[in-house]
Each structure stands twice: as C-alpha cells, then as structure tokens.
C-alpha cells in the first residue's frame with residue numbers, strides 16, 4: 001500500500017502557515033513537524049510565535065522544544081530528526097506535514113542534503129575572530145550564498161561551514177511529496193506582521209525574555225536573534241517599549257523578505273493564496 005505523501009507548507013513569517021497546517025492536518029489525519037529554526041528552543045514560546053498549547057492539542061506537533069537555549073542544533077540535526085518523525089507518522093497511517101519558514105531546514109529534507117562530519121573546532125575559532133564585514137567578504141570571495149540574515153555573525157559562520165560540509169545531491173525533490181507555498185500581498189503581509197508583533201507583546205514576551213536572560217544569559221546564539229536582543233535593550237533602559245515594538249516589526253518584515261528570496265529559488269513549490277493552497281492540497285490528498 002502506498003504511503004501517505006509528505007506535505008510541505010512553506011512561506012514567510014506571519015503568512016498563516018501554522019493555522020493552515022493545523023486545519024489540513026486535522027482534516028486529513030495528519031501530524032505536523034515544525035520547520036522553524038527558532039522553535040527548537042525550549043522556553044522560547046512567545047517570542048518565536050510557536051503554536052499555542054491549545055493548537056498543539058488539536059493535532060500532534062513535532063520539532064518544538066528540542067534543545068535548551070544555548071545548545072547547538074544544526075540543519076543536519078533537523079534533517080535526521082524530521083526523517084525519523086516522517087517515518088513514524090507514516091507508520092501510524094497519518095499524513096506528515098512539514099510546516100515552516102526556515103528554507104534550509106525544508107531543503108535539507110526534500111532535497112536530501114548530505115552532511116559531512118562536524119566542523120573542525122580550529123576552523124570555527126578562526127571564523128569567530130572575523131568581523132561581520134570580513135565574513136561577508138569571505139562569502140563573496142568563496143561563492144558562499146549569503147544566509148537569510150547576512151548581518152548575523154552566527155548565520156554567516158554557518159553558511160561558510162555548510163559550504164564545506166554539505167552538498168545538495170538531488171536536483172528534484174524526494175518522491176511522494178506535495179510542496180506548496182503561501183503567497184501573500186506585501187501590504188497584507190506587512191499588516192499581519194504588525195498585528196502579530198502587538199499580539200506577542202500583549203502576551204508577555206518581555207517577561208519571557210527576562211526569565212530566559214536570567215536563566216541562560218543574553219550572549220548565546222539562540223538569544224541573539226529574533227526579538228530577544230531588542231527586549232534586552234529595553235530592559236537596560238537603552239530603548240523604549242514603543243521603539244522596540246517598531247524595530248521588531250521592521251526586523252520581522254526583513255526576515256519575511258529573506259525567507260521569500262530563499263524559497264523562491266525552489267521551482268518545485270506550488271504558490272497560491274491560503275485559500276488556493278488549501279484547495280490544492282485538499283485535492284492532491286483526495287486523489288491519493
């Protein structure tokens with residue numbers, strides 16, 4: 001008997017992936033694997049806009065809360081984890097849904113990236129000593145594709161390391177896969193990002209960040225991205241609440257544009273509005 005297909009729902013931040021994934025997974029006996037590099041960290045719930053506990057009760061979710069903040073978790077780790085979960089979900093006769101906006105995580109699974117051994121510690125130490133400008137120039141000189149956030153030192157180092165340890169061995173996606181992307185009007189997406197930013201602050205992200213900062217410190221890699229550095233500035237009295245709210249919206253908008261740039265490199269994604277994607281996936285699954 002044919003196994004259920006892997007359904008991949010991609011799109012930029014705040015595009016509605018989570019809600020659509022839950023809706024379709026509930027309708028077609030599915031389970032969701034989060035493809036979000038920020039959601040793997042425990043305790044980072046509000047600031048990373050993880051599915052709520054109520055949403056997680058509707059359908060099973062995987063890929064959340066995998067490591068403590070500060071622990072290393074790579075695309076190679078995610079690929080191994082996701083493939084294992086896909087196999088387990090299919091063994092239950094359910095449909096695996098891979099839902100998220102981290103293009104590298106998605107590509108690692110659907111294009112079967114092959115990762116080599118861990119990076120040499122001395123090599124990494126050398127990269128750590130370089131400035132952001134030097135790392136960007138290194139990428140340019142060595143044909144390394146700049147990461148989604150090319151002003152983030154950690155992301156730049158990872159991009160350089162991936163150039164040395166991973167290769168894409170497939171030019172087409174793995175078999176039995178439905179791949180869709182949520183296309184959203186730019187103005188509507190910007191409004192959604194603004195609304196979600198207000199929601200995040202209303203739901204206690206400052207308190208969450210305060211707890212995380214005290215427990216894990218502010219310098220490790222999971223606290224250097226997303227909204228947490230902004231809140232650190234606010235807690236130190238270096239920015240007002242209104243200033244970091246505005247900056248948070250701007251950063252998420254830039255993230256959304258970088259995510260779209262990455263995802264649009266993949267010619268196998270079927271793009272449409274939420275309504276169109278819903279109908280397309282439902283039709284594809286009904287034909288299985």
Which order do the peptides 71-77, 96-102 take when ranked by the mean count of other beta-carbon atoms within 10 Å per residue, highest first?
-> 96-102, 71-77
Exposure proxy check on 130, 44: fewest-to-most Cβ neighbours within 10 Å is 130, 44
In nm, to one decimal, how far is the residue 171 label point from the residue 210 one, both placed 7 Å along Cα→Cβ?
-> 5.7
Inter-centroid distance (Cα atoms) of region 32-87 relative to region 223-281, Å = 17
By the gyration tensor of its Cα atoms, with a ≥ b ≥ c the square roots of the eigenvalues, what is the shape of region 153-288: rounded for a/c under 1.5, prolate for a/b over b/c, or oblate?
-> oblate
Out of these labelled values of Cα Rg over 2.2 N^0.38 Å, [x] 1.25; [y] 1.00; [z] 1.60, which was calculated from the coordinates shown here?
-> [y]
Rg and Dmax of region 186-255 over Cα atoms: what are they, in angstrom?
-> 12.2, 38
So what is the calculated 222 nm ellipticity per residue for the chain, using -39500 (n - 2.57) for each DSSP H run with n of 4 or more, over all residues, to the nearest 500 deg cm²/dmol?
-> -16000 deg cm²/dmol
Compute the FRET efficiency between residue 71 and residue 122 as 1/(1 + (r/R0)^6), taking r as their Cβ-Cβ distance and R0 = 25 Å, and round to the nearest 0.05.
-> 0.70
Each label sits 7 Å from Cα toward the beta-carbon; between residue 26 and residue 284 the label points are separated, in nm, by 2.2
Of the peptides 278-288, 252-262, how do they stack up when ordered by the mean number of other Cβ atoms within 10 Å, highest first?
-> 252-262, 278-288
Provide, as a two-decimal number, the C-alpha radius of gyration of region 67-122 over 2.2 N^0.38 Å, N being how many residues it has.
-> 1.30
With each pseudo-label sitting 7 Å past Cα toward Cβ, what's the residue 132-residue 240 distance in nm, one decimal?
-> 2.5
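FYI, it's all coordinate maths here, none of it is from the lab. Quick caveat, the model's predicted, so the values are computed rather than measured. As a convention, Cβ positions derive from the backbone with ideal geometry for all residues, glycine included, and neighbour counts pool all protein chains shown.
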